[in-house]
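Remarks on the structure that follows.
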């Protein structure tokens, strides 16, 4: 694509984002539909930022559906970068929910989901467990080693017999099972 073509596409994407953030339901739909067909992963952080401030439930659901509908594997890195840098726990949970509902493969980020489960709250751990249960791989040995390191950071003695401790234990068992299924010795 020529520089002129790239600039034209960027301008179109910015116009679509203006529709999304306009506050008008018809323009929102037009903008999101346009992003579905003409969008680029570079808009995802901006879209996520807007999702974090919008309070209108139908708008939130429409944005979440756009993330769920993603099919481009190039979206994984920007989504994960946003996810790990989010300070808003409720938005992080929504994005985690979106990840396990999307068709894009996030298997390469196994240890990141374990880390989020270990260091997050109960609801975050539930969403991460669901994602981990649905990861299909392939996996590399280092991913399991990284996941084990993350799991070792969970302070079990402080949270023994809590629902979160049970979830972390379940995640540890899933990691162990995945490792035995996917690593050839």
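Every read-out reported here was derived from the displayed coordinates using simple, explicitly stated rules and does not represent laboratory data. This one's a predicted model, so the numbers in the text were calculated from it and none came from an experiment. Here Cβ is always computed from backbone atoms with ideal geometry, including for glycine, and neighbour counts include all displayed protein chains.
Tell me, what is the Rg over Rh of the chain, with Rh the Kirkwood radius over Cα pairs?
Numbers: Rg = 18.6 Å, Rh = 17.8 Å.
Value, to two decimals: 1.04.
Take the Cα of residue 105, step 7 Å toward its Cβ, do the same at residue 176, and the gap between the two points is 2.7 nm.
Per the Debye formula on identical point scatterers at the alpha carbon atoms of region 1-102, with no solvent, log10 I(q)/I(0) at q = 0.10, 0.11, 0.15, 0.22 Å⁻¹ is -0.26, -0.32, -0.59, -1.23.
Counting pairs of alpha carbon atoms under 8 Å apart in space and at least six apart in sequence, what relative contact order in percent does the chain give?
On the way: 179 pairs, mean separation 28.1, N = 185.
Once normalised by length, the contact order is 15 percent.
Any chance you could run the full-extension gain for residue 71 through residue 162? It's 0.36 nm times the residue separation minus the Cα-Cα distance, nm to one decimal. Walk me through the numbers before you get to the answer.
Details: separation 91, 0.36 × 91 = 32.76 nm, distance 3.68 nm.
Value of the extension gain: 29.1 nm.
Extension gain, residue 26-residue 46: 0.36 nm per intervening residue step, less the Cα-Cα distance, totals 5.2 nm.
Rg to Rh ratio, region 105-185, alpha-carbon atoms and Kirkwood radius? Each step should come with its number before you reach the end.
Details: Rg = 11.9 Å, Rh = 12.5 Å.
Ratio value, two decimals: 0.95.
Once the gyration tensor of the Cα atoms in region 65-111 is diagonalised, the equivalent ellipsoid follows with semi-axes of 16, 13, 9 Å, ordered largest first.
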